[in-house]
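Readers should treat all values here as calculations from the given coordinates under stated rules, not as data from a laboratory. For clarity, every value in this text was computed on a predicted model and none was experimentally measured. Note that each Cβ is placed from the backbone with ideal geometry, even for glycine, and that neighbours are counted across all protein chains shown.
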Amino acid sequence: MHEFLKLIRRLKVGRRYMTLLLLRSPFDVVWTYMQASLLRSVFSCLETGSAGRLAAICAGWGLLCAMLFLYNGTVWSVYAAFSAKTEARLQTDMTNKILSLPYRTVQGRYSGEWLTMRNNDIQAVITMMNGPLNIPHWVTALLNTVLSSALMLRCSPVLFFVTLAFILPYLLVSHGMVLRRLPLLKEESRSAMTHITTYIEPLVTEAEAIAVYDAGDMMLRKCEQESRRLLRTNMKMHLRRGLGDAVSRLFGIGGYLAVLFTGFTMISGGTMTFSELVYCLQMRGAVLSGPLMLITCMSNIKVHAVCAKKVNEALEESFEA
């Protein structure tokens, strides 16, 4: 994250980017609260037989939904245009920087590394800025988790702590299994991709020289070795993400059953109504999905931060030495 913020400051778009993030972030928590409040009000009206109040609630909820989605679509359209302009500027800055470097500096690195920084790394930075389950969703998930937790705690502290008992072990397991290893695996994957590009390019641009020295087989073997290393590294990344998803499903279903059983006990004891249980279940979904999204976003951010670091290095003055 530090490398990404450093890059944003370098481009001088930090203030506008933060403003757009803040404008986008309230959508999920407002939508969750609207859904939970609607279900609680509907079941409350059904319990009391208030048909007129039910019709007014549904009409008001529909109007609020239209306004909320109109607001969200407007913010995202502005955000998408901002991201496209930032990507174009970053591509231009990178190209100008490479062209301004001395010949010795350019020759000091593999051509595949320059191509990787020019294309793959910049695309990863833009994905980090605008892609799914990256920084925008991380900010949204953080706000959603905090506010949803506060609303659920206010409605039923017992059900909130039952939910929390299943979330905390998942966070600890996911950090150990996924977050700590993914950046290292991404660095290894990027290194393999750079070497593949370096070995493939001469096969196309210097085919005659390679044929003269009979080096084609050697170059192809190098490509094969690096391709296998890339495949193994990517499989390790997918495996760890898959294990993280499996653990999330296990704790999610277990927590849901525990909340249902506790809610049934409280309803039987007369300390909670069915409409309040429905409200808590809806808020529990937000409380649970928030940390799950935070974990996924953090893993993606850590992976893409490796590329942001390389872009920063390419744009720094030290490369001119």
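Distance between the modelled labels on Glu201 and Ala66, one decimal in nanometres: 5.6 nm (7 Å Cα→Cβ projection). Think of it as helices only: each DSSP H run of n ≥ 4 in the chain is worth -39500 (n - 2.57), and spread over all residues that comes to -30000 deg cm²/dmol at 222 nm. Among 132-144, 54-66, sorting by the average number of other beta carbon atoms lying within 10 angstrom of each residue, highest first, gives 132-144, 54-66. The average projected area of segment 214-321, computed from the convex hull of its Cα atoms over all directions, is 12.0 nm².
Stretching the chain fully between Arg16 and Leu46 yields a gain of 6.1 nm (0.36 nm per residue, less the alpha carbon separation).
Given R0 = 30 Å, the distance between the Cβ atoms of Leu23 and Cys58 translates into a calculated FRET efficiency of 0.60.
Taking a straight Cα-Cα cut-off under 16 Å and skipping sequence neighbours fewer than 8 places away in the same chain, the aspartates and glutamates within cross-link reach of Lys302 are Glu3, Asp121, Glu187, Glu188. The C-alpha atoms of the chain define a longest principal axis, and helix 14-24 lies at about 30 degrees to it.
Estimated at 0.36 nm per residue, the fully extended path between Ala209 and Val30 surpasses their Cα-Cα distance by 58.0 nm. The computed Rg and Dmax of the Cα atoms in Å for the structure shown corresponds, within (i) 20.0, 62; (ii) 21.0, 65; (iii) 25.8, 90, to (iii).
Among the listed pairs Lys85/Lys222; Lys97/Lys222; Lys85/Lys309; Lys12/Lys186; Lys97/Lys236; Lys6/Lys222, those whose Cα-Cα separation exceeds 32 Å are Lys85/Lys222; Lys97/Lys236; Lys6/Lys222.
Over the C-alpha trace of segment 1-68, radius of gyration and Dmax come out as 19.9, 61 angstrom.
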